[in-house]
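Single-structure report; data block below.
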Amino acid sequence: MAVDRMQVLEKLYEEGQGSDLVDLTLDKLFAYELQMSEQQLDQLEKDLAGFEDQHGLSSPEFYRKFQRGEMGDAMDFVEWASLFQMAERLRERIDLLRNTL
């Protein structure tokens, strides 16, 4: 399992047994994950912009109202809220990945 393997790497590095090859591989892996996450966020932001244009609200404003129950539960709004949540999680992921490079 990936978590077990990461724990082995962590232990090796804690014991001073890291390697240049693993460092290089991890750098490439994090850069790839960052690039893919940024592409996904770009698409989500385009989708969110469509909802914003259609309903005349920013996504954060919509989401606050949706959370308070002021927007109803139309399928359009449920989808918009889901996309907003996905975008927020991706932003957190991107920040985390950027801090590792």
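Going by the structure shown, is Val22 modelled with pLDDT under 95, β-branched (Val, Ile, Thr) and assigned to a helix (DSSP H, G or I)? For Val22, the condition - modelled with pLDDT under 95, β-branched (Val, Ile, Thr) and assigned to a helix (DSSP H, G or I) - is met. Every residue in the range 11-37 that is out of contact with any helix residue (DSSP H, G or I) (no Cβ under 6 Å at 6 or more places or on another chain) and under 30 Å from Glu88 (Cβ atoms), please. Correct list: Thr25, Leu26, Asp27, Lys28, Leu29, Ala31, Tyr32, Gln35, Met36. Number of residues in the range 85-99 that are surrounded by 13 or more Cβ atoms within 10 Å (Cβ to Cβ), in contact (Cβ under 8 Å) with a residue 24 or more places away in the chain and of a type outside the set (A, V, I, L, M) equals 2.
In this structure, Gln40 does not satisfy being assigned to a helix (DSSP H, G or I) and loosely packed, with under 13 Cβ neighbours inside 10 Å.
Listed by first and then second residue, the pairs with beta-carbon distance under 7 Å, at least 6 apart or on different chains, first residue in the range 18-45 and charged (D, E, K, R), second assigned to a helix (DSSP H, G or I) and exposed (fewer than 15 other Cβ atoms within 10 Å of the Cβ), form an empty list.
Would you say Leu96 is touching an Asp or Glu at 6+ places or on another chain (Cβ under 9 Å), under 30 Å from Ala31 (Cα atoms) and in a helix (DSSP H, G or I)? Judged against the criteria, Leu96 is not a match.
Going residue by residue through the range 64-84, is there one that turns out to be touching a residue at least 24 places away in the same chain (Cβ under 8 Å), surrounded by 13 or more Cβ atoms within 10 Å (Cβ to Cβ) and basic (Lys, Arg)? Within the range 64-84, none of the residues are touching a residue at least 24 places away in the same chain (Cβ under 8 Å), surrounded by 13 or more Cβ atoms within 10 Å (Cβ to Cβ) and basic (Lys, Arg).
Scoring Lys28 on the criteria (1) of a type outside the set (Asp, Glu); (2) within 17 Å of Leu97 (Cβ to Cβ); (3) at pLDDT below 95 leaves a single failure, condition (3).
Among the residues of the range 53-93, what is the count of those that are on the phi > 0 side of the Ramachandran plot and in a helix (DSSP H, G or I)? Lay out the reasoning, then the answer.
Residues of the range 53-93 that are on the phi > 0 side of the Ramachandran plot, as a first pass: 56, 69, 72.
Checking which are in a helix (DSSP H, G or I) leaves us with none.
Residues in the range 53-93 being on the phi > 0 side of the Ramachandran plot and in a helix (DSSP H, G or I): 0 in total.
The values are calculated or read from the model by the stated rules, or taken from the named source; none is laboratory data. Source: prediction; values computed, not measured. Backbone-built Cβ (ideal geometry, glycine too); neighbour counts: all protein chains shown.
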